[in-house]
Structures are given as C-alpha cells and as structure tokens.
C-alpha cells in the first residue's frame, strides 16, 4: 500500500520531492498538490499524472486522499501548515526552516507533544549525506581521539540581490548549525560572527564573506566560513581535528580529466546535485517511518534548537560580541 502524499508548495524543492516520491522511491505516491500560484500547482499535477490540484491548503491537509504532508512552501507559512497537519493527526515532512522564529518552532513542539506522538520530520538533509555519515562513525568509534576543533566552509558561486546578510545564517549556515550538533551530540554555549573584508562581488545589503565561531558545552571550537559569492562553485567543507588525528569530509565524486597539460576535476554549482542522494535517503526513511508508525529523522525539537541558534547568530552579526546561549534541555519526548 502506498502512502498518499499531499505537497504544499510546488516550487523547485516541492516539485523535486514530488518527482522523487513518484519515480525514485518506494512506498509513496503524490495524490494532491497546492501552491499559492495555482498555475504552478497545475503544472506539477500535469507532470505527475497521479495528483489533483487543491486550491485550499487546509482542504488538502484534511483530505481523506492524503495520508501525509510535505510542506515545501515559503518559510513564513510553515508554522500554520505544520500545526494544521498535527491537528489532523497526519505525518508531516517540513523543509527547513521548521518556522521562521524560535517561538513559532516552540508552538509546533508544544502541539506535537500535546498530541502525544512524533509526527514531524524537518528537512535537514545533510545528516543523510554519505560523507557526513562517515564523519559520524569516525567520532562514534573514537578513530581520531577526542574532537577538539572543527573547520567548515559553506560556499556558493553567487546569490541574488534579495539575499541579505541575515540570510547567510537563516538560509545557509543553519545546515552547519544542525549537522555539527548532530555529529557531536552537543549543544552550543556561545556564538560570535566576524565579517571579513567584503568581496567586490557582493551588494549593499549583504556583507560577504562572514565567519561564524561556535563553542560547545565540552569546549569544542568550531569555525564556519560563509562565502556566498565565491564564483567558482558550490563547495561544502568540514574537517574534524582530534587529539589523535584529522578526518575530512570527502569531496563529491568527480572525474579526473587530463587535458592541455593540466589535470583537473569539475566542481558542481548546484546544491541540489551535491546532496541529491541525501534527499532520496531522507524521504525514503520518512516513508518507511510512516509505514512502521515511527519516524526517526530530524525532529521538531531539532528545528526549534536550530532556530534558537540562528536567532543568536543573527544577534551576533549585529553586536560583533560573543553571545551566550541559554541552555535548553531536550525533553524526554524527543530523546
């Protein structure tokens, strides 16, 4: 029996997920699509051939022809759609951010706990990337001793004029914030943002590049370079420095070419291609979790903690000071 999915948001990521469910994964089928732009919804429905258009997203959520929801709409709508899905007792996969503020994420956490069962998974796909999975095993097996420092980089070739300084945190660095916390199983205690010399490729409302400095409970230090106009490609780096050795995130698989007295490999410019396998794995796990009546991916609590961290990092952008975190203990419900 296939899980019947309703997609809210028929843009780039929503369309990709819908196609992924219908053509690449097992156990799911898209039966309903909603988008604020009705023509986008109609286009996706025509491509899928298995779904119908719902003009009202709440009708989609309540529909008996929908077993689970994918929220892929603009971030400001996530809270209301996830809350409505919980109220309907339906599993919901929400692309990041879970909501656009920590207080809105807390509303979702409270609603889910009151329901009494985990229904929500957040789209932090890096946890499913094979490279990060290998780093996780290195830590768990103590292959490099105690982790002392982590060096990261998050580089994009370019961003549009609408991308502003705060979005370096909320739209991009949020992935590092989540995946490092997942790797270490530790929460953060301080954050500081440093602005480097501004690239000539940037614009008036974006300071680029930036460096985020984080400290964990046990004293591990993390630095993350955020450079969204690097020009040369989409490049994600992560290096663990341990007491007994170093482990580095492997480069994506790429052909080595020898030509014109040079040896080189190509670099992707598309983040979707870089993590395409991770997207497949995370959604397949979500489907399997629904079938088994127990989802285990990134939780509402993970989305809430990431939102708290983002708020503090954005504050640090403005103050240039070392900003402390208020330690929030994980409820038993999410352990």
Notebook entry, point to check: Could you say whether any residue in the range 272-284 is over 28 Å from residue 67 (Cα atoms) and either within 14 Å of the chain's Cα centre (by Cα) or in the same structural domain as residue 221 (by TED's automatic domain parsing) (or both)?
Noted result: yes
Margin query: Let me spell it out: the conditions are (1) closer than 26 Å to residue 9 by Cα; (2) crowded, with 20+ Cβ neighbours inside 10 Å; (3) touching a helix residue (DSSP H, G or I) at 6+ places or on another chain (Cβ under 6 Å), and residue 132 meets all of them except one. Which number is the exception?
Written below: (1)
Next item on the list: Give me a count of the residues in the range 7-31 that are closer than 10 Å to residue 72 by Cβ and assigned to a loop (DSSP other than H, G, I, E, B).
Entry: 3
Note to self: Tell me which helices (runs of 4 or more DSSP H) are completely within the range 245-335 and hold 2 or more residues being buried (at least 19 other Cβ atoms within 10 Å of the Cβ), or say none if there are none.
What the structure shows: 276-291, 300-319
Note to self: Yes or no: the range 172-185 includes at least one residue that is free of Cβ contacts under 8 Å to residues at least 24 places away in the same chain, in a helix (DSSP H, G or I) and surrounded by fewer than 21 Cβ atoms within 10 Å (Cβ to Cβ).
What the structure shows: no
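Taking the range 135-153 as the search range and keeping residues that are in a helix (DSSP H, G or I) and touching a strand residue (DSSP E or B) at 6+ places or on another chain (Cβ under 8 Å), which one is surrounded by the most Cβ atoms within 10 Å (Cβ to Cβ)?
135
The values are calculated or read from the model by the stated rules, or taken from the named source; none is laboratory data. All figures in this text were calculated on a predicted structure; none of them were measured in a lab. A quick note on method: Cβ atoms are made from the backbone with ideal geometry, for glycine too, and the neighbour counts reach across all protein chains shown.
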